[in-house]
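These notes concern the structure reproduced below.
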Amino acid sequence: MPLRLRLRNDSPVPIEVDTVRLPTVREQTADQVLATEVLHGNVRETLGEFFDAEGSASDDNTLVWEGDCRRIKRIAERLSDGQVRVEGTAGMHLGAEMTGGNVVVDGDATDWVGAEMKGGRIHVRGGVGHQLGAVYRGGHRGMTGGEILVDGDAGNEVGHSMRRGLIAVGGRMGDLSGVNLIAGTIVVGGEPGIRHGAGMKRGTIAFLDPQSAPDVLPTFRGAGNCRPTFLRFYLKHLTEQGWPVPDGALDALYRRYNGDFLELGKGELLVRSE
Amino acid sequence: MSSLRITGGTIYDPANGIDGDVGDIWIVDGRIVEAPAEPDASADRTLDATGLVVMPGGIDMHCHIAGPKVNTARKMIPEEKRTAEPVRRTRLTRSGSGGSVPSTFATGYLYAGLGYTTAFDAAVPPLAARHAHEELEDTPIIDKGFYVMMGNNHYVMKQLAAGEPGRLKAYIAWLLQSTKGYAAKLVNPGGVEVWKSGGGNVHGIDETVDHFNVTPRQIIQGVASTVQELGLPHPVHIHCNNLGLPGNHATTMDTMKSLEGYRGHLTHIQFHSYDGDPDDQSTFGSRVPELSEYVNSHENLTVDVGQVMFANTTSMTGDGPLGYYLHQVTGRKWFSGDTEMEAGCGIVPIVYKQKSLVHALQWAIGLEWYLMVDDPWRIAMSTDHPNGGSFQAYPEIISLLMDRERRLEVLAGAPAAVSDRCTLKDLDREYSLNEIAIITRAAPARMLGLAHKGHLGPGADGDVTLYSPDDDIQRMFELPRYVVSRGEVIVDDAQIMRDTRGRTLYVEPEYDPDAVDDIQAWFEKTYSIQFRNYPVGDHYLQDPLVVPTS
């Protein structure tokens, strides 16, 4: 039976719960967990002011957040091991800087999901906001490992300055995905925005919807058609994970573009052409 | 009248020849006085310093802590600010941010926490003087001032080219008065102007500065002699041409030789002591032996080191082309500034790594300087904060200087080629506490011409730092037991006990008022602001102290 935290008091002021960490709470009783100090705006209060708790994470190393947690920030931040489930909506910085473990969100999440993530997996069944798996402002390296799967839509700057790992967005994608990409893979199932891969050095951004090929920046060059073997492996893996791979994507022909030639130019855009 | 007596401490006061003697120090109304003759005299407060090491307050003669370039650097590195230990508000002190470029209030607290009571920002463009004073006002506890950049100033270069030493002298004096600055600073003399006007640089002191028909040599000698004629307390403060480039030792040697007959201070000399081919980083090496030998035999010169330490930091410099060079080398973000007729600026975040041959050599070259200058009175400790590292690394540098084994341990973790390209592993010298007191207090005070600082004799400022002796030298210097500023206990056991404001130190050299007409005519033709708005008013100064010219 997991430790279950149920949102009781939906304050309009955001609450930061990075202090609620699995290795600590799995050793605690429900009352001790509720005594954890959290930031409510700029005021320190206890988790019990806002949440009810039941169960324990001591056996299954699992923590469940229940309710409309869109203003609950920093859930599963720096997670290293175990399971975190959000039954509802998750607030900003979900799973940011996590190094391992699994995060599943049944509903939507907001901005900065998996920002500067290093390992583990995040799966959001709904949509997410901006800066999915991105670098924080000023930094020079975003996500460096792990996987982020989003079944629904995502906003702008997905995988900003990503260095390694996999991001898959099933629905519509905002603008500037893979901006300044250093390496790693981004897969887009739905309609894309504009300026993908601007400033990318290496890495792959694959667009799986044949009906909505993106405009390619003028600093990319066409490099023929291909059926990339690695993409088949990736898509099979995504299918196993329950991510909605579009029909026919596995065997399709992809038009390949190299870029961004303003930078190293060793990156590629793969645009499904049939 | 308030008084403080510090009893029974082991005193290191090299300026007065006291090397580890046990004694008392009396401070009355912020100044050190002779011990009262009557044996039963008492003070308002007595600190029992038995077993503690007592030194004058530390003096950082070359750091970057105020003004627009520092502020730009703070804004440029949110990624470092986000992860740095926050400086939290207390009953007495304000909150702030840390990292390689701490916020203003935090800078004051952190210096005081290390036992430093005086610091000088080393590069302020005259136009930014007002901003620098405003930030210094928000830098508590420490006494402070700044050096005014004039090595690429159009008026300076025009007077040199025209052979008008009188006008140059009047201008430098007027400029120091207008900015309420402390000393004359040259940054890559001539080179920044060439960069600003066309993207180039000068590569030796006898190249001509485009459009001005002067050479760096003329700028160096002209300003050095003028500073001497004006009787400024600190000689010309020089950041040589070609900073950071392999093979720049020749330029540095030329600069030193050009100063024959003048006094001069060469700053962050570590960055100017490199062997090798300027176009090939892999040829990098040390030329400290010959440069330090020259310094040893020429008493007109003093240096500070600009030690590199292995950490994340931020390079900020008035040397515009250097900023661009670092941006090219590191691939990191870059800020470039152009201050009208006066100066340039470059800012780039940088990481110094022990595993990098070049970085490890820079570290070793800095230590070579400390260990190869025979007379500690002519070398001052600096990291060129934050360029080589933070001022917060001073305790670690002290431990490296006092412990050869520790140096060798670090060297063992660096690429093997480092030992072949410098002499560090052969240097057995270990600093004594007395020598540490010289390079961190007494010598910088003497170089700066501050008669009331850097010693514990009667008349000196009541700035005293007390350390608990510890086998771990770094810890000893990181956590002073007490820090006293102007006779008040500011830090007690790492807690700030009082939030004082510190004084602004500046100079007021005299000049011929008739010379101002020419300056004004030039100014009104070239500047974006009104002439009358240029000088910094007295109300910008906090508890000012004019240091006399001689």
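The values are calculated or read from the model by the stated rules, or taken from the named source; none is laboratory data. Just so it is clear, the model here is predicted, and its values are computed rather than measured. Here the Cβ positions follow ideal geometry from the backbone for every residue, glycine too, while neighbour counts run over all protein chains shown. Quick note on the areas: whole protein, heavy atoms, side chains included, nothing else; ligands and nucleic acids left out. Shrake-Rupley method; radii C 1.70, N 1.55, O 1.52, S 1.80 Å.
Quick notes on this structure:
- Residues located in the stretch A:166-181, provided they are assigned to a loop (DSSP other than H, G, I, E, B) and buried (at least 24 other Cβ atoms within 10 Å of the Cβ): A:Gly170, A:Ser177, A:Gly178, A:Leu181
- Apart from one condition, B:Gly200 fits all of (1) open to solvent by 10 Å² or more (accessible area, probe 1.4 Å); (2) out of contact with any Ser or Thr (no Cβ under 7 Å at 6 or more places or on another chain); (3) part of a helix (DSSP H, G or I); the exception is (3).
- Count - residues of the stretch A:189-245 that are in a loop (DSSP other than H, G, I, E, B), aliphatic (A, V, I, L, M) and in contact (Cβ under 8 Å) with a residue 40 or more places away in the chain: 7
- Restricting attention to the stretch B:236-251, the residues that are in contact (Cβ under 8 Å) with a residue 60 or more places away in the chain and open to solvent by 10 Å² or more (accessible area, probe 1.4 Å) total 3.
- Of the residues making up the stretch A:108-117, those that are open to solvent by 20 Å² or more (accessible area, probe 1.4 Å) and either more than 14 Å from every other protein chain (Cβ to nearest Cβ) or in contact with a helix residue (DSSP H, G or I) (Cβ under 6 Å, 6 or more places away or on another chain) (or both) number 3.
- Out of A:Arg202, A:Arg272, A:Arg255, sole residue that is open to solvent by less than 40 Å² (accessible area, probe 1.4 Å) and among the basic types (Lys, Arg): A:Arg272
Each row is one residue, and each column tells you yes or no for (1) closer than 28 Å to A:Glu147 by Cα; (2) open to solvent by 60 Å² or more (accessible area, probe 1.4 Å); (3) modelled with pLDDT of 95 or more; (4) of a type in the set (Lys, Arg).
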residue	(1), (2), (3), (4)
A:Arg6	yes, yes, yes, yes
A:Asp10	no, yes, no, no
A:Thr19	yes, yes, yes, no
A:Leu39	no, no, yes, no
A:Asn42	no, yes, no, no
A:Gly48	no, no, yes, no
A:Ala53	no, no, yes, no
A:Asp59	yes, yes, no, no
A:Leu63	yes, no, yes, no
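- Condition check for B:Phe271: touching a residue at least 12 places away in the same chain (Cβ under 8 Å), aromatic (Phe, Trp, Tyr) and part of a helix (DSSP H, G or I): yes
- Of all the residues in the stretch A:148-172, those that are away from chain B (no Cβ under 14 Å) and either among the small types (Gly, Ala, Ser) or in contact (Cβ under 8 Å) with a residue 60 or more places away in the chain (or both) number 11.
- When A:Gly142 is tested against (1) away from every other protein chain (no Cβ under 14 Å); (2) assigned to a loop (DSSP other than H, G, I, E, B), just one condition goes unmet, and that condition is (1).
- Residues satisfying the stated conditions in the stretch A:177-201, i.e. in contact with a His (Cβ under 7 Å, 6 or more places away or on another chain) and not small (Gly, Ala, Ser): A:Val179, A:Asn180
- Restricting the stretch A:21-37 to residues that are part of a loop (DSSP other than H, G, I, E, B) and under 22 Å from A:Ala96 (Cα atoms), the residue that is least open to solvent (accessible area, probe 1.4 Å): A:Thr36
- Put simply, of B:Asp21, B:Asp40, B:Asp44, B:Asp29 the only residue that is without any contact (Cβ under 8 Å) to a residue 60 or more places away in the chain and under 16 Å from B:Val489 (Cβ atoms) is B:Asp44.
- Checklist (1) open to solvent by 50 Å² or more (accessible area, probe 1.4 Å); (2) part of a helix (DSSP H, G or I); (3) farther than 23 Å from B:Lys169 by Cα applied to B:Gln281, failing item: (2)
- There is at least one residue in the stretch A:68-90 that is surrounded by fewer than 23 Cβ atoms within 10 Å (Cβ to Cβ) and farther than 29 Å from A:Met162 by Cβ.
- The residue that is surrounded by the most Cβ atoms within 10 Å (Cβ to Cβ), among those in the stretch B:207-233 that are in contact (Cβ under 8 Å) with a residue 24 or more places away in the chain, of a type outside the set (S, T, N, Q) and farther than 21 Å from B:Tyr511 by Cβ, is B:Pro216.
- Criterion violated by A:Gly259 - all others in (1) modelled with pLDDT of 95 or more; (2) over 24 Å from A:Gly170 (Cβ atoms); (3) not acidic (Asp, Glu) satisfied: (1)
- Test: residue in the stretch B:117-129 that is in contact with a Cys (Cβ under 6 Å, 6 or more places away or on another chain) and in contact (Cβ under 8 Å) with a residue 60 or more places away in the chain: yes
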